[in-house]
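Student: Just passing along the structure, written as C-alpha cells.
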Amino acid sequence: MFESEVAAQEPTLAERVKELEKKYVLQNYARLPLVLERGRGCYVYDTAGRRYLDLISGIGVNALGYAHPRITRVIREQAGRLVHTSNLYYHEYQGRLAERLAKISGLERTFFCNSGTEAVEGALKMIRSHGRRMSAEKYEVVALDNSFHGRTLGAISITGQPKYRADFEPLLPGAKFVPANDMMALEQAVNEKTAGIVIEWIQGEGGIHPMTAEYARKARELATRHDALLVFDETQCGVGRPGTYFAYQLADPVVLPDVMVAAKPLACGIPLGMIVANERAAAAIRPGMHGSTYGGGPLACRVALEFLDILEEMLPSIRSKGAYFRMRLQEMAKHFPFIGEVRGEGLMVGMELSVPCKQIVTDAMEAGLLINCTHDVVLRFLPPYIISEKQIDQAVGTLKKVLKKVKPAG
Ligand SMILES: *Cc1c(COP(=O)(O)O)cnc(C)c1O
C-alpha cells in the first residue's frame, strides 16, 4: 500500500518534460499536452506507448511519415560521411538537387536555405534588388489578405493577418494587401512602383483557401506588364502535397511564377528551404548579396534527392487519396449541421466548421488522432503522403466519434 503511494507520486517522464519546458523554454508555443517519443509510418507514439494516427505530420513536413526506410538509410549513411560543409566549398548534392528542381519546376536556379520564412526573406531581397535596378521608388510588394509567409520581420511585413504583425510594427514599408481571388483589387493595387506580387497558391495557415487559375493568370499578366516579380509561396502547398510537384502546376496551362519558395516537406524533416527562380529574377542576386551558413548542406540535399525519387511515383496516388479523403469528409459532413465546406487539393484538406475547433483537436488527440485547427474554425489535415485509404477510413471513423460530442453553436 505504502509503496504504491510513493510510486504514484513519482512524476512520469511526460510530466518531467512538461515541467522543464515550463521553467526554461521561451513560452511562445501553446503546445498540446502530448510528449512524443517515436514514430513509424503514419503513426507516432507518446512516452506512455500510446499510438496516434498523424494527420498533421509536423505541419506538413513528414511527407513520408516516420522512420521511412529509404530516408532513414540515407540519413544514416550521409551522417557517417558528411553532414555540413558551409557554402565556402562544393559538395556533390547541391548542384544535383538544383538540377532536379529545375526539371520539375520549369524554373532555372535554386538558392537553398533552412526554412520557409528564410526562403521568403530571400525572395523579398530578390524583389527589392530587382525593383531598385529600375527605380528607387520601385519597392512595393502586393500580397494577399489572410496570407501567411513566416515569422521573421520581412515575412510578417507581407503576411496579411494583423495578429502576426501588431506587436512588431513598424514593419517593412511598401506592403499592400488585397483580397484573394479579386482580380479588380489586384489590378488596382499593382502599378509601376510594384516590385513583387506574392501569392500562396493555397492559403494554408489561413484556412485552406485555393486561388483560382484565372486569378493566378491575372497576377502573371500584371507582374509581366509592370516588370514586377511574381512569387508563389509554396512552403505548405508545394512539393507533392497537391498531387503535383507544385500547386501552380494544377492550372492548365501552368502559370509559371518568376520565383517560387518552398520548404516544409522538402527534406522530410531535415530543415531545408529553397528559392527557385527564373534567370530574370535570379539576376537580381549577384555574388556576395545573399547567403546562408547551413543552407543546402550535403545531408539535407541528399535526403531531398531521395525524397524526390520516391515522390515521382507517388503523385497520382496523392491526388486519388486526397479525393477519397475529401469525399469521405463530405459524406460525414451531412450528419453534422455545424460542418460547412470541405476544400483543398490532394492531401491538403480543410473542413470549415461553424463552431470553434480547439476542443475537437484535443478530443481527437485523446481518441488517438492528431489533427490541427487553424483560423479558430477550420480543421486542417496535412497527412503523410504514404497514408492508405484504410487509414483514412480509420481517421474519419475516429473524427466522427469525436464530432458527436460537439454541441452546435448557441
Ligand atoms: C509554414 C509556412 C511558412 C514559414 O515556414 P517556416 O519553415 O516555419 O519558417 C511560410 N509560408 C507558408 C505558406 C507556410 O505555410
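The values are calculated or read from the model by the stated rules, or taken from the named source; none is laboratory data. Please read all numbers here as calculations on a predicted model, not as lab measurements. Reconstructed Cβ throughout: ideal geometry from the backbone, glycine too, with neighbour counts over all protein chains shown. Heads up: the accessible areas ignore ligands, DNA and RNA and are worked out on the full protein's heavy atoms, side chains in. Shrake-Rupley method; radii C 1.70, N 1.55, O 1.52, S 1.80 Å.
Student: Given the conditions (1) closer than 21 Å to Asp227 by Cβ; (2) more than 20 Å from the chain's Cα centre (by Cα), report the number of the one that Leu144 does not fulfil.
Tutor: With (1) closer than 21 Å to Asp227 by Cβ; (2) more than 20 Å from the chain's Cα centre (by Cα) applied to Leu144, the lone miss is (2).
Student: Would you be able to tell me the number of residues in the stretch 114-141 that are more than 19 Å from Tyr245 (Cβ to Cβ) and either within 20 Å of the chain's Cα centre (by Cα) or not charged (D, E, K, R) (or both)? It would help to see each step written out before you state the result.
Tutor: Taking the stretch 114-141 as the starting set, the residues that turn out to be more than 19 Å from Tyr245 (Cβ to Cβ) are 114-115, 117-118, 120-122, 124-141.
Filter once more, so that each one left must be either within 20 Å of the chain's Cα centre (by Cα) or not charged (D, E, K, R) (or both): 114-115, 117-118, 120-122, 124, 126-127, 129-131, 134-136, 139, 141.
Within the stretch 114-141, residues that are more than 19 Å from Tyr245 (Cβ to Cβ) and either within 20 Å of the chain's Cα centre (by Cα) or not charged (D, E, K, R) (or both) number 18.
Matching residues to (1) in the same structural domain as His209 (by TED's automatic domain parsing); (2) touching a residue at least 60 places away in the same chain (Cβ under 8 Å); (3) open to solvent by 50 Å² or more (accessible area, probe 1.4 Å):
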site	(1), (2), (3)
His84	yes, yes, yes
Tyr89	yes, no, yes
Glu99	yes, no, yes
Glu108	yes, yes, yes
Cys113	yes, yes, no
Ala136	yes, no, yes
Ser157	yes, no, no
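Student: Can you run down the residue pairs with Cβ atoms below 9 Å, 6 or more apart or on separate chains, where the first is in the stretch 15-44 and of a type in the set (Lys, Arg) and the partner is in a loop (DSSP other than H, G, I, E, B) and crowded, with 16+ Cβ neighbours inside 10 Å?
Tutor: Lys18/Val35; Arg40/Gly65
Student: Return yes or no: is Thr235 among the polar types (S, T, N, Q) and surrounded by fewer than 21 Cβ atoms within 10 Å (Cβ to Cβ)?
Tutor: no
Student: Which of the residues belonging to the stretch 364-390 are open to solvent by 30 Å² or more (accessible area, probe 1.4 Å) and assigned to a helix (DSSP H, G or I)?
Tutor: Quick first cut of the stretch 364-390, residues open to solvent by 30 Å² or more (accessible area, probe 1.4 Å) only: 366-367, 372-373, 375-377, 386, 388-390.
Residues satisfying the conditions are Glu366, Glu389, Lys390.
Student: Based on what the data block shows, is Ala228 assigned by TED's automatic domain parsing to the domain that holds Gly95, of a type in the set (A, V, I, L, M) and more than 16 Å from the ligand (Cβ to nearest atom)?
Tutor: Details: assigned by TED's automatic domain parsing to the domain that holds Gly95: yes; of a type in the set (A, V, I, L, M): yes; more than 16 Å from the ligand (Cβ to nearest atom): yes.
For Ala228, the condition - assigned by TED's automatic domain parsing to the domain that holds Gly95, of a type in the set (A, V, I, L, M) and more than 16 Å from the ligand (Cβ to nearest atom) - is met.
Student: Also, quick follow-up: Given the conditions (1) more than 23 Å from Gly238 (Cα to Cα); (2) in a strand (DSSP E or B), which single one is not true for Leu53?
Tutor: Here Leu53 meets the rest and fails (1).
Student: Only residues that are small (Gly, Ala, Ser), out of contact with any Leu (no Cβ under 9 Å at 6 or more places or on another chain) and not in a helix (DSSP H, G or I): list them for the stretch 56-96, please.
Tutor: Gly65, Ala67, Gly80, Ser86
Student: Looking at the stretch 97-153, which of the residues that are polar (S, T, N, Q) and not in a helix (DSSP H, G or I) is nearest to the ligand (Cβ to nearest atom)?
Tutor: Just the residues of the stretch 97-153 that are polar (S, T, N, Q), to begin with: 105, 110, 114-115, 117, 129, 135, 146-147, 152.
Checking the rest, the ones that are also not in a helix (DSSP H, G or I) come to 110, 114-115, 135, 146-147, 152.
Values: Thr110: 17, Asn114: 8, Ser115: 3, Ser135: 28, Asn146: 11, Ser147: 7, Thr152: 8 Å.
Out of the qualifying residues, it is Ser115.
Student: Kindly check whether there is at least one residue in the stretch 311-333 that is open to solvent by 30 Å² or more (accessible area, probe 1.4 Å), touching a helix residue (DSSP H, G or I) at 6+ places or on another chain (Cβ under 7 Å) and assigned to a helix (DSSP H, G or I).
Tutor: Yes, that holds for at least one residue.
Student: Within the group Ala175, Ala219, which residue is modelled with pLDDT of 95 or more, farther than 29 Å from Cys373 by Cα, open to solvent by less than 60 Å² (accessible area, probe 1.4 Å) and not acidic (Asp, Glu)? Give the derivation first.
Tutor: Working: Ala175 fails: farther than 29 Å from Cys373 by Cα.
Among Ala175, Ala219, only Ala219 is modelled with pLDDT of 95 or more, farther than 29 Å from Cys373 by Cα, open to solvent by less than 60 Å² (accessible area, probe 1.4 Å) and not acidic (Asp, Glu).
Student: Could you check Ile208 against (1) within 25 Å of Asn278 (Cα to Cα); (2) in contact (Cβ under 8 Å) with a residue 60 or more places away in the chain; (3) crowded, with 23+ Cβ neighbours inside 10 Å and say which number it fails?
Tutor: Unmet for Ile208, out of (1) within 25 Å of Asn278 (Cα to Cα); (2) in contact (Cβ under 8 Å) with a residue 60 or more places away in the chain; (3) crowded, with 23+ Cβ neighbours inside 10 Å: (1).
Student: Show the residue pairs that are 6+ apart or on different chains and have beta-carbon atoms under 6 Å apart, the first residue being within the stretch 223-238 and in contact (Cβ under 8 Å) with a residue 12 or more places away in the chain, the second being among the basic types (Lys, Arg).
Tutor: Within 6 Å, the pairs are Leu230/Arg220; Thr235/Lys264; Gln236/Lys264.
Student: In the set Glu279, Glu345, which member is within 16 Å of the ligand (Cβ to nearest atom), open to solvent by 30 Å² or more (accessible area, probe 1.4 Å) and either in contact (Cβ under 8 Å) with a residue 40 or more places away in the chain or closer than 21 Å to Glu200 by Cα (or both)?
Tutor: Working: Glu279 fails: within 16 Å of the ligand (Cβ to nearest atom).
Result of the check over Glu279, Glu345: Glu345.
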